[in-house]
């Protein structure tokens with residue numbers, strides 16, 4: 001036997017190497033998966049460590065929990081809160097949530113998401129029915145909040161921001177130009193008001209719509225004009241035939257061509273911020289959350305910006321932006337009762353909502369809180385903000401999102417960008433392509 | 001002639017001891033069977049960390065993603081077999097056609113200014129004319145150190161309508177919104193960021209060019225241009241190939257720069273179809289919970305990278321031969 005037989009045997013059997021590696025890898029994977037799968041045990045509120053999954057920053061959750069401990073000590077007892085940041089945006093956090101549901105590991109007690117993502121999880125029964133937790137709190141809520149909390153008639157979410165459609169405008173400039181916003185009711189009125197504005201301020205615009213406008217603008221219009229992406233009864237996508245979507249596309253192109261809308265810059269650009277401060281953009285139809293941004297961009301214009309409801313643009317009466325922002329409790333969450341109590345106390349009571357208004361300038365969804373002097377006498381907008389918010393509440397509507405809503409919005413937004421940057425007046429080509437893409441890539445949103 | 005035994009045929013320390021007392025004592029303390037087992041298992045233990053992590057985090061997920069590309073799957077419910085439909089629907093989608101054109105633009109347009117510029121900078125810094133190379137090297141490399149997100153946000157300000165570029169050049173180009181200008185803004189950012197990286201690559205390559213060879217060429221009367229073209233460039237060919245392959249892979253996997261620069265910063269809006277890269281097909285499908293489509297798009301990008309790399313290797317091998 002040669003002296004090097006042992007080494008030869010090793011090198012002659014590479015399969016052994018792979019076998020050993022495979023066994024080691026398999027062992028590791030098995031070890032990773034041996035922890036017990038979570039059970040939906042609904043523990044008592046005391047001593048619970050509530051877990052939350054969000055995106056961006058944990059400070060909002062921590063602030064809310066701080067108020068909860070301070071204002072509702074008997075409910076909070078010895079509870080703690082652990083916040084996980086799922087990424088820099090909602091899409092990344094949703095991916096993390098899917099991973100948690102897939103692995104049955106680290107399923108949070110509270111998940112923050114936009115309403116556009118909610119149907120995917122609600123339709124798969126991944127969200128807890130919160131009806132039993134919120135019964136006594138519900139009557140205090142606004143119409144918009146109640147609408148936002150439901151999916152198919154079942155309460156599955158806590159409303160955070162309802163994102164009502166509000167129109168912010170420069171009161172001083174409009175007054176000087178002789179524009180009465182109460183008389184601006186249609187899209188044509190809006191364009192006519194723009195012409196009046198430009199007669200007085202030639203370098204000012206009524207809005208800004210770049211060739212690739214933010215997805216929320218399309219959502220704000222389509223949520224109020226009866227648009228629909230998928231017809232469940234006919235089991236097919238109807239983007240190419242739905243009149244609402246077509247109207248929204250055409251409206252945005254008409255506004256861009258009207259001359260009263262700036263077409264060179266998009267929202268959340270340095271140009272936009274400067275334009276809001278220097279009067280280049282004298283009005284912005286947008287959503288309620290904008291109230292927290294405007295004072296940052298134009299700090300010296302307090303009292304000069306008014307707020308009212310949108311005129312009818314693209315045939316939309318009322319509506320909302322991407323639904324709104326909500327908190328859900330997963331069906332597999334361990335501390336459902338504790339999480340629901342925390343959410344109910346902070347987002348469904350006057351005391352909790354007023355704390356959040358003071359800390360985050362979050363417009364309250366509890367009706368009684370909306371008439372609190374601190375809310376009525378807003379330092380920047382005066383009483384305009386809450387009055388417009390309440391007026392928008394009457395026509396609050398949600399876009400009929402389906403379980404593939406995120407993907408559909410992405411395709412629809414690309415179709416809009418293609419249409420707006422083309423010379424075509426009719427959006428049919430872009431809408432037909434979008435419909436074909438949805439059909440090919442999504443199939444049936446309800447059987448994902 | 002006596003040949004030195006290789007590591008495989010060389011006798012071990014124990015074998016050299018033969019049947020001495022020391023050997024028998026060693027055999028009692030450390031029986032041959034145990035030694036044999038240890039010799040067998042030791043190499044596997046040494047490579048196990050890499051092998052396990054490679055299998056767990058690369059090989060198995062890769063195989064899984066191939067399988068996944070034939071399914072419709074949202075990550076946590078039942079997967080549905082769809083055959084080649086994911087690939088077919090991606091290939092038929094107009095978004096993909098636009099994205100391929102955009103990605104090709106991001107690959108080829110910055111390539112020449114970036115690689116040639118980096119090469120010339122490396123030559124300049126290495127030349128005897130430059131006596132402040134310690135200052136230039138970090139300065140040129142600084143953009144590469146900056147996080148892509150931060151760089152994109154800074155360029156977003158610079159390319160705004162009233163930004164530095166328009167003001168300096170006295171033009172009114174909407175770099176961030178005009179569909180005709182969007183991609184050029186991204187190219188500017190890519191060249192700015194990539195220049196420092198390829199500068200370092202070429203500088204390392206130039207250090208491998210023997211000085212005596214250049215001096216010999218100089219003594220033979222070769223001008224600076226001839227020394228560059230006939231001595232430096234041929235010797236730098238492997239480095240240039242490396243730079244080309246790396247640049248190709250990076251360009252085909254491009255995502256951050258176009259989406260942050262011309263997409264909606266602070267929002268979830270990505271780059272519009274006229275500027276979106278191919279990787280958007282992967283990312284938007286992951287975010288949308290279409291993991292089968294995302295996997296299919298990922299494998300299409302992988303095949304494209306493989307093809308481009310093969311072509312580049314072949315072209316350079318032929319040029320070298």
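We did not get these values from a lab; they are worked out from the coordinates using the rules stated. A quick note: this is a predicted structure, and the numbers were derived from the prediction, not measured. Don't worry about glycine lacking a Cβ; one is built from the backbone with ideal geometry, like all the others, and counts go over all protein chains shown.
What the table shows:
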{"read-out": "0 to 90° range, to nearest 10: angle between helix A:59-71 axis and chain A longest Cα axis", "value": "90 degrees"}
{"read-out": "Whole-angstrom Cα spans of chain A along principal axes, big to small", "value": "104, 59, 46"}
{"read-out": "Dimensionless Rg/Rh of the range B:117-171 - Kirkwood Rh, Rg from C-alpha atoms", "value": "1.14"}
{"read-out": "In nm, spacing of pseudo-spin labels at residue A:172 and residue B:91 (7 Å Cα→C-beta vector)", "value": "6.2 nm"}
{"read-out": "Gyration tensor over alpha-carbon atoms, the range A:90-149, equivalent ellipsoid semi-axes in Å", "value": "24, 14, 10"}
{"read-out": "Acute angle (nearest 10 degrees) that the helix A:336-347 long axis makes with the longest principal axis of chain A, alpha-carbon atoms", "value": "20 degrees"}
{"read-out": "Per-selection Kirkwood Rh - the range A:304-448 (Cα, Å, 1 d.p.)", "value": "18.9 Å"}
{"read-out": "Inter-chain shielding of B:176-182 (mean C-beta neighbours from other protein chains, 10 Å cut-off)", "value": "5"}
{"read-out": "Using a Förster distance of 51 Å, the FRET efficiency for residue B:62-residue B:25 (Cβ separation, nearest 0.05)", "value": "0.50"}
{"read-out": "Antiparallel content of DSSP bridges confined to chain A, in %, to 5", "value": "70 percent"}
{"read-out": "Label-to-label distance, nm, for residues given as residue A:57 and residue B:124 (7 Å Cα→Cβ offset)", "value": "4.2 nm"}
{"read-out": "Helix-only CD estimate at 222 nm, as mean residue ellipticity for the protein assembly as shown, using -39500 (n - 2.57) per DSSP H run (n ≥ 4)", "value": "-17000 deg cm²/dmol"}
{"read-out": "Relative packing of B:137-144, A:274-281, which averages over residues the other C-beta atoms within 10 Å, highest first", "value": "A:274-281, B:137-144"}
{"read-out": "Cα convex hull of the range B:200-321 - mean projected area over all directions, nm²", "value": "10.4 nm²"}
{"read-out": "Shielding by partners, peptide A:206-212 (average Cβ within 10 angstrom, other chains)", "value": "4"}
{"read-out": "Value of D in µm² per second that Stokes-Einstein yields for the range B:95-320, Kirkwood Rh from Cα pairs, at 20 °C (1.002 mPa s)", "value": "110 µm²/s"}
{"read-out": "Compactness relative to 2.2 N^0.38 Å, alpha carbon Rg of the range A:218-340", "value": "1.37"}
{"read-out": "Most to least packed among A:71-77, B:15-21 [average Cβ atoms within 10 Å]", "value": "A:71-77, B:15-21"}
{"read-out": "Residue A:426-residue B:149 pseudo-label distance in nm [points 7 Å out on the Cα-to-Cβ vector]", "value": "4.5 nm"}
{"read-out": "For the range A:265-312, the Rg and Dmax computed from alpha carbons only, in angstrom", "value": "10.5, 30"}
{"read-out": "Stokes-Einstein diffusion coefficient of the protein assembly as shown, Kirkwood radius over Cα pairs, 20 °C, 1.002 mPa s, in µm²/s", "value": "71 µm²/s"}
{"read-out": "Neighbouring partner chain Cβ atoms per residue of B:82-93, average, 10 Å criterion", "value": "3"}
{"read-out": "Protection proxy ranking of B:295-306, A:324-335 - average other beta-carbon atoms within 10 Å, highest first", "value": "A:324-335, B:295-306"}
{"read-out": "D (Stokes-Einstein, µm²/s), Kirkwood Cα radius, the range A:97-230, 1.306 mPa s at 10 °C", "value": "85 µm²/s"}
